[in-house]
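Engineer: Sharing a structure here in structure tokens format.
The values are calculated or read from the model by the stated rules, or taken from the named source; none is laboratory data. Because the structure is a prediction, the values reported are computed rather than measured. Here the Cβ positions follow ideal geometry from the backbone for every residue, glycine too, while neighbour counts run over all protein chains shown. Accessible surface is based on the protein model in full, side chains and every heavy atom, while ligands, DNA and RNA are left aside. Shrake-Rupley method; radii C 1.70, N 1.55, O 1.52, S 1.80 Å.
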Amino acid sequence: MSTETDTKVHAELRENFGKGYARRLRASGKIPAVIYGHGTDPVHVALPGHQVALLIRRANVVLELDVNGTQQLTLVKDVQKDPVHQIIEHIDLLVVKKGEKIQVDIPIVVVGESAPGTIANLDAVSISLEVEATHIPVSIELDVEGLEEGTHITAADLTLPKGATLIADPGTLIVAISASGGAADEIEAADEATAEAQAGTEAQ
């Protein structure tokens, strides 16, 4: 039985197209998809809906497809969803090879607490890297523990996974440490002071 971490997926070749057929396919619990890349002709397949929906919750997942007995590594490149119901309507899969380098956007996860009285503002939620197709990191952790107000962390400061190369501009701002609250807190404090003063006047 397939699990959420099992990326082996059985794909069925499909020869019928059109919105009506795609709708019937989704109604039967399957997802229409197309495989392309490496100079090959696009191959249209149907994927098991539940298993694939779980797998693609993770960014940049590589699926090990079995297409009529032929093994094919593919990177989930684009997922089209119904904007209202969030039903997966179609998936684009890019053919990749073991050892091949590809460019992907990797999510950035902030860990730790910056210095008291400060807040870590995440300016870039992901960063472009070149990595091996079969060794794509799930995310990049950025530790802000104890960082002081005014600290700026750029792409060049990130600790990249082994074998990864930075594609983004090294000067790209990732996190800025600033004083927490700021103007919003000052306005709130002023409002509270005004309310207290009015309450005191009414009590006299």
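Engineer: Could you check how many percent of all C-alpha pairs in region 111-180 are farther apart than 15 Å?
Structural biologist: 53 percent
Engineer: Tell me, rounded to the nearest percent, the portion of alpha carbon pairs in region 59-173 spaced more than 21 Å apart.
Structural biologist: When every Cα pair of region 59-173 is considered, 51 percent fall beyond 21 Å.
Engineer: First check a/c for the chain, with a ≥ b ≥ c the square roots of the eigenvalues of its C-alpha gyration tensor; if it is under 1.5, answer rounded, and if not, answer prolate when a/b is larger than b/c or oblate otherwise.
Structural biologist: Cα axes put the chain in the oblate bin.
Engineer: Here is a follow-up. Only four residue types carry charge here, +1 at the Cβ of Lys and Arg and -1 at the Cβ of Asp and Glu. Report the dipole size of the chain about the Cα centre in Debye, rounded to the nearest 20.
Structural biologist: For this selection, approximately 1940 debye.
Engineer: Let me ask something else. Can you sort Tyr36, Tyr21 by 1.4 Å-probe accessible area, starting with the largest?
Structural biologist: Ranked from most to least accessible, the order is Tyr36, Tyr21.
Engineer: Round to the nearest 0.05 the FRET efficiency obtained for Ser128 and Asp6 when R0 = 41 Å and r is the Cβ-Cβ distance.
Structural biologist: 0.90
Engineer: What full-extension length gain, to one decimal in nm, is calculated for Val34 and Lys98 as 0.36 nm per residue of separation minus the Cα-Cα distance?
Structural biologist: Value of the extension gain: 21.0 nm.
Engineer: Also, quick follow-up: Rounded to the nearest 10 degrees, what's the angle between the helix 183-203 long axis and the longest principal axis of the chain, both from Cα atoms, 0 to 90?
Structural biologist: 40 degrees
Engineer: How much FRET efficiency would the formula 1/(1 + (r/R0)^6) give for Val79 and Glu149, where r is the Cβ-Cβ distance and R0 is 41 Å, rounded to 0.05?
Structural biologist: After rounding, the FRET efficiency stands at 0.55.
Engineer: A further question follows. Using 0.36 nm per residue, how much length does the chain from Tyr21 to Lys162 gain when fully extended, once their Cα-Cα distance is taken away?
Structural biologist: In short, 46.3 nm is gained.
Engineer: Right, next: Have a look at the DSSP beta bridges in region 1-146 and tell me what percent are antiparallel, nearest 5.
Structural biologist: Antiparallel: roughly 70 percent of the beta bridges in region 1-146.
Engineer: In the chain, what is the count of Lys pairs whose alpha carbons are under 26 Å apart, counting only pairs at least 8 residues apart or on separate chains?
Structural biologist: For the chain, qualifying lysine pairs total 20.
Engineer: How big is region 65-130 in terms of Cα radius of gyration and Dmax, in angstroms?
Structural biologist: For region 65-130, the Cα-based Rg and Dmax read 18.3, 59 Å.
Engineer: Given a cut-off of under 8 Å on Cα pairs at least six residues apart, what relative contact order in percent is computed for the chain?
Structural biologist: 16 percent
Engineer: Tell me whether region 94-145 comes out rounded, prolate or oblate; compute the Cα gyration tensor, take square roots of the eigenvalues as a ≥ b ≥ c, and use a/c under 1.5 as the rounded threshold.
Structural biologist: Cα axes put region 94-145 in the prolate bin.
Engineer: Further question: Suppose R0 equals 30 Å. What FRET efficiency, 1/(1 + (r/R0)^6) with r the Cβ-Cβ distance, do Leu13 and Leu54 give to the nearest 0.05?
Structural biologist: Once the sixth-power term is evaluated, E becomes 0.85.
Engineer: Given q = 0.10, 0.11, 0.25 Å⁻¹, what are the Debye log10 I(q)/I(0) values for region 1-89, with equal point scatterers placed on the Cα positions and solvent ignored?
Structural biologist: Taking Cα atoms of region 1-89 as identical point scatterers yields -0.24, -0.29, -1.56.
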